[in-house]
2 protein chains.
Amino acid sequence: MTDVAALAGVSAQTVSRVAREEPTVREATAVRVRAAMEELGYTPNRAARALRYGHYGTVGMIAHRLARTGESRTVEAVVEAAQAEGYTVTLVDIASPAPHDVSAAVARLSHQDIDGLIIIRAESATPDTLALPSHLPVVVSDSRFVGHHPAVGADQAGGARAAVEHLLGLGHRTVHHLAGPADSTPARQREESWRSALTAAGATVPAVVRGDWTAASGHDAGAALAADPEATAVFAANDEMAAGLVRALHEAGRSVPADVSVVGFDGIELSAQLWPPLTTVEQDFGEIGRQLVDLLLRQVRDDEDLQDTHTVVPVRLVERQSTAPPRP
Amino acid sequence: MTDVAALAGVSAQTVSRVAREEPTVREATAVRVRAAMEELGYTPNRAARALRYGHYGTVGMIAHRLARTGESRTVEAVVEAAQAEGYTVTLVDIASPAPHDVSAAVARLSHQDIDGLIIIRAESATPDTLALPSHLPVVVSDSRFVGHHPAVGADQAGGARAAVEHLLGLGHRTVHHLAGPADSTPARQREESWRSALTAAGATVPAVVRGDWTAASGHDAGAALAADPEATAVFAANDEMAAGLVRALHEAGRSVPADVSVVGFDGIELSAQLWPPLTTVEQDFGEIGRQLVDLLLRQVRDDEDLQDTHTVVPVRLVERQSTAPPRP
DNA sequence: ACCAGAAATGTTTGCGTAAACAGTCGGCGG
DNA sequence: CCGCCGACTGTTTACGCAAACATTTCTGGT
């Protein structure tokens, strides 16, 4: 900055004014300064600015396994929404969703240059195990934190219920469930909602088959389900597992949907390309991302107290060709 | 920091020493200081540190549509590799891969607190249109920048050749190509390599069908290909389009692989779950991410000049059940 | 007990920026 | 033609931290 000032024949303060486009600089001077900045390749030092201003223009985001569809779509939406508000996003991926790793990630990130923190799918962390720096605004996409931090989440319960009711409505006696890992909050919510929807309809509740979100685990589970002639309808906790399940059914010679109907969850892009195209509960990841950023920035900028806020983003059942009435 | 120093009854410098875990502080003192830090919720201010040190411990990453499989896997790998080296990653998503938007993103990011920049899939940007701040270390995952910036890329040509040769080896007379968008460098490389592999084998080169990477575009293209009885083997430029293509073939009553063999590219998780499981050219995104970080940090830390470096990461043809010899 | 030298701690300074305050200059009314 | 006002521009200072240098407090050996 000093060099620019010298070259333009002005003071450093004037350079600063030009850099920030203050209107109180005479145009002729500004032109000269800009030319000098150009020539010297000057760029304002953000660390110094952050030090001066006391904030960074950056939000942190913690995620686990961010190449997964739900994660990456949320990340994309968050980045876009944050950018639209003039913030950048710094990302940390945690090794596992275990409390210890989450805390380590928070510790690392809270020493970073961030004004606020977005935690997505910190599935197994609990408010107690999460040692957050005081006064750091936080939003979470996991409802376990309701009452501790503002949260945004898809309507897991509603989606699961819609899936079960759709299958029951088709005439199936009951609906099997291919659940997600037991330590995942969304997985548990989907499972509980599946159970209560069955109970409410007076249907029997079959044993849960559990996977770990991966397609491979869905494929394993599918082998078991395919052997059970009673299983005519399956609600899978996500689309990847549903894809593995469908493949296992194909391999077992069971037709989808003639022999077995399958419903997924998430609405990933490829769900429409499976054979048959998968009926699924579609989440609006874009909206989730936008809400997360909105809630966070309201705390950062306006110092709002949003503790008890819990935004539920609606989901939508998309009926495709993987569901049909059972064989008579 | 001053408050902590006062509370612990030491100087600010000693607090700094404890914060950085310098070994020259007596343990008894360190304990007192740590207690004070704890009580006051003190956290070192990174902006001030960055200002003092002259670097940020952060790398920037520019990507486009980062929810796509290849992108998100690369992002995840980069984040992990950077974390392992003690760096964090700040992300910016660009609206479109057009030169103008890329430049805007670079401009935005170069004013951020970053020590280096990773550009992935800046497909249509050219070295000229990209106004980078001078002296900012850069790596690129697009070979168009070879000679301008160090680059890392999968072996596009080798992968495409392997796909074509696999199909030809199965006995197909020729191989059709479902290409990616014309403004994408990887798409062009795959297409050119497909063409030269056919020519080298003395096979005729059918007209290219072009998609835009999405499964939907693959489905559209599939409708055309399904109507052509000459098309017994198709090499799709990515797995998403291959999935759409396979679905279109199913809908047209053409069997895969009995009537038409299909090979994809990327090796996304769901490629193994399609029906039939997709033969594809698998990229090692993890390795690409690690190489990107390695190349970048060598410039950042050691000030190495890596201009002409171009690391090619091998790909691997994974044979599954979507390919077979043509009907006699 | 005394001293040299090592260990521990304190003081000064500057990193690049922008707010607050202090000039300087030109033009206009009287 | 003087003085005052507003438009510009310059000077001083502090943001929080850590390197460099200065000073104090311990060691252990005699």
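The values are calculated or read from the model by the stated rules, or taken from the named source; none is laboratory data. On a predicted model such as this, the values are computed, not experimentally measured, just so you know. Note: ideal-geometry Cβ built from the backbone for every residue, glycine included; neighbour counts use all protein chains shown. Side chains included, ligands, DNA and RNA excluded: accessible areas come from the protein's heavy atoms. Shrake-Rupley method; radii C 1.70, N 1.55, O 1.52, S 1.80 Å.
Give the distance, in whole Å, between the Cα centre of the stretch B:182-237 and the Cα centre of the stretch B:1-43. The distance from the Cα centre of the stretch B:182-237 to that of the stretch B:1-43 comes to 65 Å. Annotation note: trypsin sites (Lys or Arg not before Pro) in the stretch A:2-72 located in DSSP loop regions with a Cβ neighbour count of at most 12 within 10 Å are A:20, A:26. At a probe radius of 1.4 angstrom, the accessible area of the protein assembly as shown per residue rounds to 40 square angstrom. When nucleic acids and ligands are ignored and a 1.4 Å probe is applied, residue A:155 ends up with an accessible area of around 50 Å². Taking amide H as placed 1.01 Å from N in the peptide plane, the amide H of residue A:304 sits under 5 Å from that of A:299, each at least 5 places away or on another chain.
With a 1.4 Å probe rolled over the protein heavy atoms of all chains, the accessible area of A:213, A:194 falls in the order A:213, A:194, largest first. A 1.4 Å probe, protein heavy atoms only, puts the accessible area of residue A:51 near 80 Å².
GNM remark for chain B: springs join alpha carbons under 10 Å apart, and the peak mean-square fluctuation among B:21, B:269, B:230 falls on B:21.
Overall shape: prolate for the stretch A:256-298, with the ratio a/c of the largest to smallest alpha carbon gyration tensor axis at 1.5 or above and a/b above b/c. Computed over the stretch B:2-44, the quotient of the alpha carbon radius of gyration and 2.2 N^0.38 Å is 0.96.
Between the C-alpha center of the stretch A:285-300 and that of the stretch B:44-103 there is a gap of 20 Å.
When you restrict to C-alpha pairs under 8 Å that are six or more residues apart and normalise by the size of chain A, the relative contact order lands at 17 percent. Once the gyration tensor of the Cα atoms in the stretch A:253-328 is diagonalised, the equivalent ellipsoid follows with semi-axes of 40, 12, 7 Å, ordered largest first. Think of the stretch A:2-44 as having a plus end and a minus end, set by charges on the Cβ of Lys, Arg, Asp and Glu; of A:9, A:25, A:44, A:25 sits farthest toward the positive end of this dipole. Largest accessible area first, the listed residues A:3, A:142, A:284, B:101 line up as A:3, A:284, B:101, A:142 when surface is computed with a 1.4 Å probe on the assembled protein chains. In nanometres and ascending order, the distances from the residue B:216 label point to those of the other copies are 3.3 (point 7 Å from Cα along Cα→Cβ). Here is the size of the stretch B:167-245 from its Cα atoms: Rg then Dmax, 11.8, 32 Å. Computed from the Cβ-Cβ distance with R0 of 41 Å, the FRET efficiency linking residue A:203 to residue B:227 stands at 0.35. Based on Cα contacts under 8 Å between residues 6+ apart, the stretch B:2-44 shows a relative contact order of 43 percent.
Percent of Cα pairs in the protein assembly as shown per distance bin of 10 Å, from zero to the largest separation: 3, 14, 22, 23, 19, 11, 6, 2, 0. Starting from the label point of residue A:54 at 7 Å along Cα→Cβ, the same points in the other copies fall at 3.0 nm, in ascending order. In nanometers and ordered shortest first, the copy-to-copy spacing of the residue B:253 label point, defined 7 Å from Cα toward Cβ, is 2.5. Only counting protein heavy atoms at a 1.4 Å probe, give the residues of the stretch B:77-92, ordered by number, whose accessible area falls by 30 Å² or more when the other protein chains are present relative to the chain alone. Residues losing area: B:79, B:83, B:88, B:89, B:90, B:91. Taking only the Cα atoms of the stretch A:1-119, the ratio Rg/Rh comes out at 1.17, with Rh defined as the Kirkwood radius. Once divided by 2.2 N^0.38 Å, the Cα radius of gyration of the stretch B:191-291 becomes 1.09. For B:31, B:139, the ranking by accessible surface with the largest value first comes to B:31, B:139, using a 1.4 Å probe. For the protein assembly as shown, the fraction of 1.4 Å probe accessible surface lying on carbon and sulfur atoms is 49 percent. Apply the Karplus curve 6.51 cos²θ - 1.76 cosθ + 1.60, θ = phi - 60°, to the phi angles in the stretch A:309-320 and return the couplings in whole Hz, x for Gly and Pro. Along the stretch A:309-320, the couplings run 5, 9, 8, 9, 9, x, 10, 9, 7, 9, 8, 10 Hz.
When shorter helices are ignored and each DSSP H run of at least 4 residues is given -39500 (n - 2.57), the per-residue value for chain A at 222 nm works out to -13000 deg cm²/dmol.
Take each residue in B:67-76, count the other chain C-beta atoms within 10 Å of its C-beta, and the mean is 6. When Rg and the Kirkwood radius Rh are both evaluated on Cα atoms of chain B, their ratio Rg/Rh stands at 1.15.
Modelled this way, with points 7 Å down the Cα-to-C-beta line, the labels at residue B:196 and residue B:55 are 3.8 nm from one another. Buried accessible surface for the A/B chain pair comes to about 4500 Å², total over both chains, computed with a 1.4 Å probe. Taking amide hydrogens as placed 1.01 Å from N in the peptide plane, the amide H of residue A:95 sits under 5 Å from that of no residue at least 5 positions away in sequence or on another chain.
Inter-chain neighbour count for A:265-277: the average number of beta-carbon atoms from partner chains within 10 Å of each residue's beta-carbon is 6.
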